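Q: Here's a structure for you.
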Amino acid sequence: AGTALGLLVGSLPRLDRSSSILIDFGRSFPVLALMPVVIMMLGSNTRMEIVVVSLSCLWPVLVQTIYGARRQESAEVDTVRTFRIPKVLWFRRVLLPGAMPFVATGIRISASVSILVAGGVGVLSQAPALGRQITLAQQAQHWDKAFAYLFFAGLVGWGIALLLQRAEARSHKWNRQTNG
């Protein structure tokens with residue numbers, strides 16, 4: 001959702017200007033502050049956790065994709081306009097490849113955010129998740145279990161970051177910065 005919306009907003013200057021205040025507000029708003037409202041609407045369950053984590057992960061992908069879509073060189077824009085390249089071809093061959101490094105960065109940021117927010121949601125809402133297990137272990141003074149859960153969350157985050165880095169390196173072989 002963040003990628004599609006970001007490509008749309010970033011490629012249309014009028015839409016970009018008109019939505020900039022809303023996007024800046026949304027990305028700076030602490031999503032965890034919405035938890036009481038989401039809990040009232042959905043209850044304290046896994047679905048609530050998915051909604052809160054999804055909302056928090058939307059913003060990094062959206063903002064990075066907007067930056068990537070804005071990044072078009074004037075020569076590219078002039079070439080597309082001069083040769084009257086169809087919109088679908090322009091999207092597939094110019095806009096999307098130019099924005100992909102930014103999209104990948106947004107996804108990697110969101111992956112880290114998702115683990116942090118999922119842990120925080122579990123601790124704050126007591127939804128059945130890893131955060132709740134950490135809280136229960138701490139309350140029972142099972143510090144070894146609490147640290148094991150934290151270590152596990154770190155391993156999951158590291159594994160996701162590694163997988164995303166490899167996928168990015170494969171899909172962006174032309175980008176020297178990802179092949180390091």
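Q: When you scan the range 18-30, do you find a residue that is basic (Lys, Arg), under 26 Å from Met100 (Cβ atoms) and buried (at least 16 other Cβ atoms within 10 Å of the Cβ), even just one?
A: Checked the range 18-30: no residue is basic (Lys, Arg), under 26 Å from Met100 (Cβ atoms) and buried (at least 16 other Cβ atoms within 10 Å of the Cβ).
Q: Considering Gly131, Gly154, Gly159, Gly98, which residue is surrounded by 18 or more Cβ atoms within 10 Å (Cβ to Cβ) and over 16 Å from the mean Cα position of the chain (by Cα)?
A: None of the others qualify; the one that does is Gly131.
Q: So, one more: Within the group Leu42, Leu62, Leu34, which residue is in contact (Cβ under 8 Å) with a residue 60 or more places away in the chain and of a type in the set (A, V, I, L, M, F, W, C)?
A: Leu62
Q: Now, a different point. From the list Val63, Val88, Val80, which residue is surrounded by fewer than 16 Cβ atoms within 10 Å (Cβ to Cβ) and either more than 24 Å from Ile160 (Cα to Cα) or not polar (S, T, N, Q) (or both)?
A: Val88
Q: For the range 31-60, what are the residues that are surrounded by 17 or more Cβ atoms within 10 Å (Cβ to Cβ), among the polar types (S, T, N, Q) and over 21 Å from Ala4 (Cβ atoms)?
A: Ser44
We did not get these values from a lab; they are worked out from the coordinates using the rules stated. Just so you know, these numbers come straight off a predicted model, no measurement behind them. Positions of Cβ are generated from backbone atoms using ideal geometry, with glycine treated the same way; all protein chains shown enter the neighbour counts.
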